[in-house]
Number of protein chains: 2
Amino acid sequence: MVTIDAASERVRVRRGAQRARYDSQVVHSILDAGLVAHVGVTTADGPIVLPMAYGHDGERLYLHGAVGNALLGQGDGAEVCATVTSVDALVIARSPFHDSMNYRSVVVRGRAERLDEPTAKVAALRLVADHVVANWATGRGPTDEELRRTLVLALPLTEASAKVRTGGPGDEPSDLVGPHWGGTVSLVTTFGQPEPAEDLAVGIEPPTAIAALAGRRR
Amino acid sequence: MVTIDAASERVRVRRGAQRARYDSQVVHSILDAGLVAHVGVTTADGPIVLPMAYGHDGERLYLHGAVGNALLGQGDGAEVCATVTSVDALVIARSPFHDSMNYRSVVVRGRAERLDEPTAKVAALRLVADHVVANWATGRGPTDEELRRTLVLALPLTEASAKVRTGGPGDEPSDLVGPHWGGTVSLVTTFGQPEPAEDLAVGIEPPTAIAALAGRRR
């Protein structure tokens, strides 16, 4: 087994260190699978965490919002934490004290920086739009005015760690001979059929990539 | 329409205020539906956000971990933010710039306090264990030693806000006559069949509540 160390002390996994992963392939695959990032910033009122769409290119994670977005404004040039989690199963132990979940998560910490250059902004917005399903190229591109109204932050992936739990419950040896059940119950997320917008003009079909989502697991 | 104001300025929803909800019934139903809370605390190294199991009783949200858990230790007596999000659909706009998601989220901000009294700790641990599926009463209860090794934090729900997005894309009027598709793709999370632990003794069946999860939507 190849041991890869944490990129920095502050992203080293402290609890359940045997579940820690620092190789970028694992980090990227978990980011690829996630739907939203929970983004934390520090404010004068304490920490705040909000769910946000995101994209990444293997080097940086991208977030976007309106220019007046308070959380992104707070994160611009400041320390930010973005956490992406997918839950795969409930883990039911003989002793509910040892209940757990199987999950994959990535924690990214670092200083976020605002992208101002229009080409870089467009590239980042495309990564966010295409993150779950590619739909940028089949839609209408952004106007200069829309770009001006948008704040895009980039967070380097240099300080990222992953944590992956798989398998059954970790019960006490003495509980294995008891009468209680232990095991897992998987959680599967599936895409439904594309539903056209109420105001969609007659005769417009969903692009292939979107139509292909129906019934697919996320 | 009854307008209910935010409990405090710092949990007032700033962006998309028309999607804000402050009534406790909505907040509780979103907490009931969630799987994990993304919990943020402030450290000397900046904010950190980690996914955690949780429970609630309508008054407080409960988190637990080992006594040495760094995040919970940091949160003990300090300002904490716990955010719970369920994603219901991708929202694909004619202009991917307006892509969105349908989701339900709750943000709770406040000072977390450690529970030391054993009865209160057990009650909180039971709420966490029973949050997704009731399994506390059908398992082996905690020992005094296990309780001593566990840190339980309570976060008041007095400062909580919810945000709910439903419906189709919010495209520009000029895009409604264009050639591009717009609509939604739902995301449904379903429980699988309970899988016994590899070391489960022969003849032990899952409790009714766990067996009943199979095929059920979360």
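The values are calculated or read from the model by the stated rules, or taken from the named source; none is laboratory data. Quick caveat: nothing in here was measured; it's all calculated off a predicted structure. Here the Cβ positions follow ideal geometry from the backbone for every residue, glycine too, while neighbour counts run over all protein chains shown. What goes into the accessible areas is simple: the full protein's heavy atoms, side chains included, and nothing from ligands, DNA or RNA. Shrake-Rupley method; radii C 1.70, N 1.55, O 1.52, S 1.80 Å.
Within the bounds of the range B:194-203, is there any residue that is aliphatic (A, V, I, L, M) and either more than 10 Å from chain A (Cβ to nearest Cβ) or assigned to a strand (DSSP E or B) (or both)? Checking the range B:194-203: at least one residue is aliphatic (A, V, I, L, M) and either more than 10 Å from chain A (Cβ to nearest Cβ) or assigned to a strand (DSSP E or B) (or both).
Among the numbered conditions (1) at pLDDT 95 or above; (2) touching a strand residue (DSSP E or B) at 6+ places or on another chain (Cβ under 9 Å); (3) surrounded by 15 or more Cβ atoms within 10 Å (Cβ to Cβ), the only one that residue B:218 does not meet is (1).
Residues that are surrounded by fewer than 16 Cβ atoms within 10 Å (Cβ to Cβ) and facing chain A (nearest Cβ under 7 Å) within the range B:163-176 comprise just one, B:176. Just checking, does the range B:117-139 include any residue being buried (at least 17 other Cβ atoms within 10 Å of the Cβ), more than 9 Å from chain A (Cβ to nearest Cβ), more than 19 Å from the chain's Cα centre (by Cα) and more than 30 Å from residue A:213 (Cα to Cα)? Looking through the range B:117-139, at least one residue is buried (at least 17 other Cβ atoms within 10 Å of the Cβ), more than 9 Å from chain A (Cβ to nearest Cβ), more than 19 Å from the chain's Cα centre (by Cα) and more than 30 Å from residue A:213 (Cα to Cα). Residue count for the range B:68-88 satisfying the condition of being of a type in the set (Ser, Thr, Tyr) and either open to solvent by less than 10 Å² (accessible area, probe 1.4 Å) or at pLDDT below 95 (or both): 1.
Taking the conditions exactly as written (buried (at least 22 other Cβ atoms within 10 Å of the Cβ) and in contact (Cβ under 8 Å) with a residue 12 or more places away in the chain), does residue A:95 satisfy them or not? Yes, satisfied.
Scanning the range B:41-59 for residues that are over 16 Å from residue A:111 (Cβ atoms) and either in contact with a helix residue (DSSP H, G or I) (Cβ under 7 Å, 6 or more places away or on another chain) or open to solvent by 40 Å² or more (accessible area, probe 1.4 Å) (or both) yields B:41, B:50, B:53, B:54, B:55, B:56, B:57, B:58, B:59.
Annotation note: of B:20, B:33, B:7, the sole residue that is more than 9 Å from every other protein chain (Cβ to nearest Cβ), surrounded by fewer than 21 Cβ atoms within 10 Å (Cβ to Cβ) and under 30 Å from residue B:180 (Cβ atoms) is B:20. Selection of the range B:196-215 for residues being within 27 Å of the chain's Cα centre (by Cα) and loosely packed, with under 15 Cβ neighbours inside 10 Å yields B:208, B:209, B:211, B:212, B:214, B:215.
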